[in-house]
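The values are calculated or read from the model by the stated rules, or taken from the named source; none is laboratory data. All values derive from a computational prediction rather than experimental measurement. Quick reminder, even Gly has a Cβ in these numbers, built from the backbone with ideal geometry, and neighbours come from all protein chains shown.
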Amino acid sequence: MAEILITIALPKGKLGGEAVELLARAGLPVEGVDTESRQLVFCFPEDFLRYIICRPTDVPTYVEYGAADLGIVGKDTLVESGADVFELADLGFGYCRFVLAVPRIKWEEAGRSLETLLSLSRRVATKFPRVAANFFAGLGQQVEIIKLHGNIELAPQVGLADLIVDIVSTGRTLKENDLVEVASIFPATARLIANRVSYRIRHKELHSLVERLRKASEGLG
Amino acid sequence: MNNYNRHLQLPEGVDDFLPGPAAAKRSLENKLLGLFRSWGYQEVVTPTFEFTETFQAGQVAAKEELLFRFIDRKGRVLTLRPEMTAPIARLVATRLRKEKLPLRLCYVASVFRYEDPARGRRREFHQAGVELIGGTGVGADVEVVALAVEALLESGLKDFQVGLGQVAITKGVLADLGLEGEALAAVKEALVGKDWVGLNRLCEQYGLRGTARQRLELLFTLHGGRRELKEAIPILGVEAAREPLAHLEEVLAILERYGLGRYLFIDLGILRDFDYYTGLVFEGYVPGLGFPVLGGGRYDGLLAEFGYPCPATGFALGIERVLAARNGEMFIEEESRAYLVAGKDLAAALTKAKELRRSGARVELGCGISSLEEARREAAERGLNLVWVETV
């Protein structure tokens, strides 16, 4: 078997599907690659390529340790991981935004003033404690951050938290749960990341791949 | 972590070395110290902890949360050393101040950082390194990079590469942008963090177009050898960057003539601790290991912090990282003959063992072995040659 030169970490889920489409558009082999299947490793020895399929939150870890040379991951996950990796391209797809949201009734109680709302709030539920902590530190606010693993919108309904920090793409989930967005924190799209060492010592191979993916992503999003 | 059996556990981020790995570590350290000594570097030992102020002048100054700090009974704040360069700078600026320059010093030491063990980092680890104090110009930089390459060779690594950067080029280009305060800090952070997306956004935000933008992109992407560097000179050649560009090219040219070309490449994106370093910087990489095994560079500002303005350069090599890169492969030590000496007369056994050791053999004493038969069994089990000492 030919030697695998480059390993790319792809996320499971919706972002993974779009990542595979991008790879195809860049002319990279994708035959049979399915980020939802039970198979987690896809090898293309003729192209010296290998894909590994990971949970989105694990993509930065595989890349940081050098188990994967490149990775495709949402900026939201990347920021939250705090991983020491190179961020080489904005791939354009997978758009979402970090927002601060609150139950409509609380927002009315606060007279639709963010300042009043924050002064009345103590606890924030989120899947992204690092992003939330940075946001509140930037505002000079001291809040208690509660880390949850999903369905954040539930927390304010049962009194676990006053506010939530979450990612939204269409805003439908917020609406369905009678939550209102009161501040936008930052937008996020899929990013191409690289391991620090791989990017230096396999520069030639990685650089041409990065350029192909960058070109293929232009005009997306 | 359970509390009831804490006496059996270790805190996160520290390690035991069992006999095999401990031997590999010691043998690596000895090889490196031997190499450094042969280049004229003298070993120094500094205390494991010092006043926090000593380290605040150094490389980790900006990362205070990495320090292991504690308070002594006089209320002073002490710190476990997070690196060796600041203590050596202190030593040079005080007790070695009268020595003729350049001074060549080296060390092997454990260092302590409050890192996240879940991210591939340890809280106590070992470094071997050199500091060339008072050496300036191309000569000193060439020496230290050449020694770094030879240290990696001596460590038994084969596929490694050493990347050279020059932070003075980046500093010159940045100064020429006409940005200030937050804007400058943000552009710098994007360059240091290799955040291409962020850099592009900042270029839009601060209206950096044309040559300015082209320069920043080149700082980000320039990778290769002397040809790539030469091609970049007309674009990067702002006044403040011209001299460091020529310097980098000359260093590489000399090292190529010395025959190290195949281990070296240039990457202007290598910035290490950008504010701390002042000139040539370099990192050693091994395929498959996600972190550099070695790093160093010129830090002409540090000794002035200790009241002794003086140029300096050096590097440190991560012992654990080299051992990991070798994938458990040990150096094969020449195995000397090994004996088990036993007998009823302990004094006679001790005497016989001493004789054998003098000839270079490794000798174990048979403790509590009272019969020849038992001694034979023991020696066979442990793969030792038996010497049975008869009672006189």
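Tell me yes or no: at least one residue of the stretch B:154-161 is surrounded by fewer than 20 Cβ atoms within 10 Å (Cβ to Cβ), acidic (D, E) and either over 19 Å from B:D273 (Cβ atoms) or touching a residue at least 24 places away in the same chain (Cβ under 8 Å) (or both).
There is at least one residue in the stretch B:154-161 that is surrounded by fewer than 20 Cβ atoms within 10 Å (Cβ to Cβ), acidic (D, E) and either over 19 Å from B:D273 (Cβ atoms) or touching a residue at least 24 places away in the same chain (Cβ under 8 Å) (or both).
Restricting to the stretch A:1-15, what's the tally of residues that are of a type in the set (G, A, S), surrounded by 15 or more Cβ atoms within 10 Å (Cβ to Cβ) and either part of a loop (DSSP other than H, G, I, E, B) or at pLDDT below 95 (or both)? Working first, answer last.
First, pick out the residues of the stretch A:1-15 that are of a type in the set (G, A, S): A:2, A:9, A:13.
The next check asks that each one be surrounded by 15 or more Cβ atoms within 10 Å (Cβ to Cβ); those that pass are A:9, A:13.
This time we only want the ones that are either part of a loop (DSSP other than H, G, I, E, B) or at pLDDT below 95 (or both), so: A:13.
Qualifying residue count, the stretch A:1-15: 1.
So, in the stretch B:197-218, how many residues would count as being in contact (Cβ under 8 Å) with a residue 40 or more places away in the chain and either within 14 Å of chain A (Cβ to nearest Cβ) or not aliphatic (A, V, I, L, M) (or both)?
First, the residues of the stretch B:197-218 that are in contact (Cβ under 8 Å) with a residue 40 or more places away in the chain: B:215-216, B:218.
Filter once more, so that each one left must be either within 14 Å of chain A (Cβ to nearest Cβ) or not aliphatic (A, V, I, L, M) (or both): B:215, B:218.
Matching residues across the stretch B:197-218 total 2.
Out of all the residues in the stretch B:165-206, which are among the polar types (S, T, N, Q), assigned to a helix (DSSP H, G or I) and closer than 30 Å to B:V142 by Cα?
Once the filter is applied, which keeps residues that are among the polar types (S, T, N, Q), assigned to a helix (DSSP H, G or I) and closer than 30 Å to B:V142 by Cα, the stretch B:165-206 yields only B:T170.
Restricting to the stretch B:307-327, what's the tally of residues that are part of a strand (DSSP E or B) and surrounded by fewer than 20 Cβ atoms within 10 Å (Cβ to Cβ)?
Narrowing the stretch B:307-327 to residues part of a strand (DSSP E or B): B:312-318.
When the remaining residues are screened for being surrounded by fewer than 20 Cβ atoms within 10 Å (Cβ to Cβ), the result is none.
The number of residues fulfilling the criteria is 0.
What number of residues within the stretch B:64-76 satisfy the criterion of being modelled with pLDDT under 90 and surrounded by 13 or more Cβ atoms within 10 Å (Cβ to Cβ)? Reasoning before the result, please.
Narrowing the stretch B:64-76 to residues modelled with pLDDT under 90: B:64-65.
Restricting the remaining residues to those that are surrounded by 13 or more Cβ atoms within 10 Å (Cβ to Cβ) gives B:64.
Total meeting the criteria: 1.
Looking at (1) more than 14 Å from chain A (Cβ to nearest Cβ); (2) in contact with a strand residue (DSSP E or B) (Cβ under 8 Å, 6 or more places away or on another chain), can you tell me which one B:Y285 breaks?
The number of the failed condition is (1).
Condition check ((1) hydroxyl-bearing (S, T, Y); (2) within 28 Å of B:D159 (Cα to Cα)) across all residues:
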{"site": "B:Y285", "(1), (2)": "yes, yes"}
{"site": "B:G295", "(1), (2)": "no, yes"}
{"site": "B:L302", "(1), (2)": "no, no"}
{"site": "B:F306", "(1), (2)": "no, no"}
{"site": "B:P311", "(1), (2)": "no, no"}
{"site": "B:F315", "(1), (2)": "no, yes"}
{"site": "B:I319", "(1), (2)": "no, yes"}
{"site": "B:L323", "(1), (2)": "no, yes"}
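Quick grid of which residues meet (1) not assigned by TED's automatic domain parsing to the domain that holds B:D141; (2) not charged (D, E, K, R):
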position	(1), (2)
B:G290	no, yes
B:C310	no, yes
B:T313	no, yes
B:A316	no, yes
B:A349	yes, yes
B:A361	yes, yes
B:R376	yes, no
B:E381	yes, no
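Looking at B:R121 and the list (1) part of a loop (DSSP other than H, G, I, E, B); (2) within 14 Å of another protein chain (Cβ to nearest Cβ); (3) without any contact (Cβ under 8 Å) to a residue 12 or more places away in the chain, which single condition is not satisfied?
(3)
Among the residues of the stretch A:19-35, is any under 13 Å from the mean Cα position of the chain (by Cα) and over 18 Å from A:E205 (Cα atoms)?
Step one: filter the stretch A:19-35 for residues under 13 Å from the mean Cα position of the chain (by Cα), giving A:19.
Narrowing the set further to residues that are over 18 Å from A:E205 (Cα atoms) leaves A:19.
Yes, some residue in the stretch A:19-35 is under 13 Å from the mean Cα position of the chain (by Cα) and over 18 Å from A:E205 (Cα atoms).
List every residue pair whose Cβ atoms sit under 8 Å apart, with the two residues 6 or more apart in sequence or on different chains, where the first one lies in the stretch B:172-185 and is in the same structural domain as B:I235 (by TED's automatic domain parsing) and touching a residue at least 12 places away in the same chain (Cβ under 8 Å) and the second, anywhere, is part of a helix (DSSP H, G or I) and of a type in the set (V, I, T).
B:L174/B:V187; B:L177/B:V187; B:L179/B:V187
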